[in-house]
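Where a number appears in this text, it was derived from the coordinates with a stated rule and is not lab data. The structure presented is a predicted model; accordingly, all values stated were derived computationally and were not measured. Backbone-built Cβ (ideal geometry, glycine too); neighbour counts: all protein chains shown.
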Amino acid sequence: MSLLSVLSNGEVPMAVKVHDLSITYRTTFERKPTLKQALVRFGRGQRAVREIEAIKNVSFDVRNGTSMGIIGSNGAGKSTLMRAMAGILPPTTGSIEVWGRASTLLALGVGFNHNLSGRENIILGGLAAGLSRREVEERAAEVAEWTELGDFIDMPMRTYSSGMNARVGFSVAVHMKPDILMIDEALSTGDAHFREKATAKMAELRESARAMFLVSHGLGSIKEMCNEAMWLDRGKLMMRGDPAEVVKAYMKFVKVKKSESATEDM
């Protein structure tokens with residue numbers, strides 16, 4: 001069934017459905033343990049366990065053809081949500097349903113073997129995305145050419161700059177014909193030419209009606225590249241709607257918080 005097809009009731013097919021999702025981390029991290037606490041725990045062989053609610057009762061659905069921007073301050077839960085939708089993190093409670101193949105670009109270069117060449121990592125990336133060896137080999141040359149790395153594509157990735165890593169990571173993600181593309185801060189890495197080329201590729205994916213999720217602190221990119229946006233704060237879904245309206249509400253919220261912090265410091 002084509003991504004552009006419409007259901008018998010006139011609705012566009014669903015891409016992702018998240019229902020009452022909560023994700024809680026258990027960590028032994030403690031900001032400032034006292035010397036006495038440290039000695040007591042060392043003697044007992046125990047460490048303090050702290051629970052962090054990264055996502056709190058979040059629900060939403062996204063249909064094919066949606067380019068969803070996700071914004072929020074550091075620690076809002078954006079990356080946690082993306083990893084959960086990608087199947088990397090399990091829900092603590094709630095459910096996530098994903099229709100189609102998701103190609104994740106959650107962190108450029110993560111998962112690459114830097115002792116192998118860029119071309120070899122392209123092949124590994126395609127296999128990890130679920131493609132057959134034949135499909136990967138058919139696309140490897142195209143992906144390698146798109147990176148514009150020339151002879152560097154056959155050199156070990158440990159010799160690459162961060163921008164070169166970005167080219168390979170982005171190229172793998174978008175050339176494996178994903179139904180759903182998830183990108184976390186990818187476009188903030190690389191030179192101006194790469195960002196322009198990446199933006200054009202994202203527009204191409206939108207035209208083919210694939211669903212896209214973009215996490216970025218670049219609010220201009222969210223407004224330019226997305227037709228919907230959601231704002232998270234401390235794990236809660238604060239607002240969803242038109243990107244310009246969501247960004248406006250978020251900026252107002254940030255200014256109020258900064259003003260309150262400044263007042264408290266006086």
Worksheet item: Where does each of 49-59, 70-80 land if you order them by average Cβ count within 10 Å, highest first?
Response: 70-80, 49-59
Worksheet item: Taking only the alpha-carbon positions of region 69-164 and ignoring solvent, what does the Debye formula give for the base-10 log of I(q)/I(0) at q = 0.16, 0.22, 0.26 Å⁻¹?
Response: -0.82, -1.14, -1.34
Worksheet item: Counting Lys +1, Arg +1, Asp -1, Glu -1, what net charge surrounds Leu127 among other residues with beta carbon under 14 Å of its beta carbon?
Response: +1
Practice prompt. Return, ordered by residue number, the residues of region 132-174 whose backbone nitrogen is under 20 Å from a label point located 7 Å along Cα→Cβ of His114.
Written response: 149, 152-173
Worksheet item: If you take the beta carbon distance between Asp191 and Phe60 as r and set R0 to 45 Å, what does 1/(1 + (r/R0)^6) give as a FRET efficiency, to the nearest 0.05?
Response: 0.85
Discussion item. Can you sort Arg158, Arg210, Arg139 from fewest to most other Cβ atoms within 10 Å of each residue's own Cβ?
Written reply: Arg158, Arg139, Arg210
Response to the item:
Placing each pseudo-label 7 Å from Cα in the direction of the beta carbon, Thr27 and Ala128 end up separated by a distance in nanometres of 2.3 nm
Item to complete: Measure off 7 Å from each Cα along the Cα-to-Cβ vector at Thr199 and Lys252, then give the distance between these two points in nanometres to one decimal.
Response: 2.8 nm
